[in-house]
Ligand SMILES: Nc1ncnc2c1ncn2[C@@H]1O[C@H](COP(=O)(O)OP(=O)(O)O)[C@@H](O)[C@H]1O
Ligand SMILES: [Mg+2]
């Protein structure tokens, strides 16, 4: 028993094993493998269309790999439906922001606690005292996160009207509310200005340090990835091109070629 | 770009109400309740009877509002659930001698189960296709109720006559007044439950689905479960309204529950304001009283007059009474400042 616990602690938190995804004729991912260890910030880079978002969607069980396996703490996630991914500690944000536009910031983040709370529609309708107390506890936890991400002022504003940068922070808050072990961030710097990008870098590191959350960061912004990632995986045309420390990957001839050959690097 | 990648914060199918605003404030609510309790002291029996019907349809519209405003699903089949509730109450009272009060939870539970089961296959459909499937249900129901096999229970085309209950404990009030108060208390309880529900974890999950299914499921919301649950809750609530309707009208017959009723309830929801629960009362008033008004304007053309009034209302306030209420709220705020 103890041995397996030790083995678990040493095993990667998340293991991507030989994953392939095919859409019609397009091979979006082709035998990609890498490991993520606890407390790491892993940067996933690659030109547009390299398959980064596709990989995220496999991790959230929105796409089914045609080959390979994905292991979270040693167990395959492929038998789980999408709505049972949050409960094993995989949280995410979306490349283009996928919030609940009519709900307030507070409620968006409260939905983030869904996988960590229980209720049923009958007691939710009658609302006995214990349901009220559970709601108060949820609200308290959510309020802490809003404070942490500087969102208290807009707590009661519907998210649809907020600036893009604020919406991205709301999405981050919502993901944190689910108490993830791994946080998948899909191009969090997209649409942010220069200053905001570096603020974001500090924030991601702070989240890792304060909360012990492992981060998988997809980013186009090379400067950001290279400054905060411990480990980098480079994809191109669905294949893993290189893997290593930021310095190693940056000086890899294949990576340089892929980026020089692509306009959106 | 795939739909998945394009999950930008886009406008949802249903322009819904921000959650804090689904109900009235405490003060306004209390005033409305006092007013509703006081009405029988001044009104004639016939008016009281009409108000009972008004409350009953308001419950049915509230039920549709939970489904559409809450979970973003459409239904043109509410008349089928209403009919099922009505017949359940009628059959239990007339064939089994069950007390009318006790028939209501049975009607609610049965319709909940029926709605939940109907919701399961309906999951594969969305938007306009879902509306079509529920439409089919609404058209089928009156014919099913006429079927020979059920005739012993349903009374076939003739329907069933239901005994009107007397006021209990020897209260010195007429049957109509008693029924009004009985309906009022049930309406208030259902309204409070609905507000609680939409403000709860369950309600948030439903509204999350309404706004963005993919994001909701990434947060751990079981999308199919909550969608069918919304159908069940809506159907169950409609069933209680149907049961109350049977008791109030003292009669059930297949042709009382045609697609026209479903459309009327849908209209009521739109006129009241989708997702704004107090609007159910306004919407119900529209479908109960405006046809009478139209009749008074012109007997022969009452349908056309009703249609004209409807168009004017939708043109002036596309978001229904909720829009008017928000406007008034704004004005009151400005005056206070
Ligand atoms: N749902 C889908 N259907 C068809 N093709 C898709 C789908 N999702 C992604 N692709 C294709 O897969 C490839 C990788 O896309 P993606 O993962 O979005 O790249 P990245 O996020 O690295 O820019 C692209 O060629 C894209 O067009
Ligand atoms: Mg992408």
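Computed from the coordinates by the stated procedures, all read-outs in this text should not be read as laboratory data. Since the structure is predicted, the reported quantities are computational estimates derived from the model, not experimental observations. Every residue, glycine among them, receives a Cβ derived from its backbone with ideal geometry; neighbour counts consider all protein chains shown.
Which of these, B:146, B:227, B:299, has the largest mean-square fluctuation under a Gaussian network model of chain B (Cα springs below 10 Å)? In the Gaussian network model the winner is B:299.
Label-to-label distance, residue B:34 versus residue A:22, with points set 7 angstrom from Cα along the beta-carbon direction: 7.3 nm.
The radius of gyration of the Cα set in the range A:151-265, together with its Dmax, comes out at 15.8, 50 angstrom. Take the Cβ atoms of residue B:126 and residue A:69, set R0 to 35 Å, and the FRET efficiency comes out at 0.65.
Which whole-number percent gives the relative contact order of chain A, counting Cα pairs below 8 Å spaced six or more residues apart? Once normalised by length, the contact order is 27 percent. Treating each Cα of the range A:98-179 as one equal point scatterer and applying the Debye formula with no solvent, the log10 of I(q)/I(0) at q = 0.22 Å⁻¹ comes out as -0.97.
Judged by the mean number of other Cβ atoms found within 10 Å, the most tightly packed of the peptides A:15-28, B:212-225 leads the ranking B:212-225, A:15-28. Classify the range B:152-217 from the C-alpha gyration tensor, please: rounded if a/c falls under 1.5, else prolate or oblate depending on whether a/b exceeds b/c. Here the range B:152-217 falls in the oblate category. Across every pair of non-identical alpha carbons in chain A, the mean reciprocal distance, once inverted, gives a Kirkwood radius of 19.5 Å. For the protein assembly as shown, the pair-distance distribution built from all alpha carbon pairs, in bins 20 Å wide starting at 0, is 18, 44, 26, 11, 1 percent. Put simply, the C-alpha atoms of the range A:11-147 give a gyration tensor, and the ellipsoid matching it has half-axes of 34, 16, 15 Å, longest first. With semi-axes defined as the square roots of five times the eigenvalues of the C-alpha gyration tensor, the equivalent ellipsoid of the range B:235-326 measures 23, 20, 10 Å, largest first.
Put simply, the range A:205-265 fits an ellipsoid with semi-axes of 23, 11, 11 Å; these come from the alpha carbon gyration tensor as the roots of five times its eigenvalues, largest first. Send over the Kirkwood Rh of the range B:42-161, from the inverse of the averaged 1/r over different Cα pairs, rounded to one decimal Å. The answer is 15.9 Å. For the pair the range A:105-128 and the range B:47-65, the centres of their Cα atoms are 29 angstrom apart. Normalising the average separation of contacting C-alpha pairs (under 8 angstrom, six or more residues apart) by the number of residues puts the relative contact order of the range B:24-257 at 42 percent.
Based on the Stokes-Einstein relation at 25 °C and a viscosity of 0.890 mPa s, and on the Kirkwood radius from alpha carbon pairs, the range B:24-257 is assigned a translational diffusion coefficient of 132 µm²/s.
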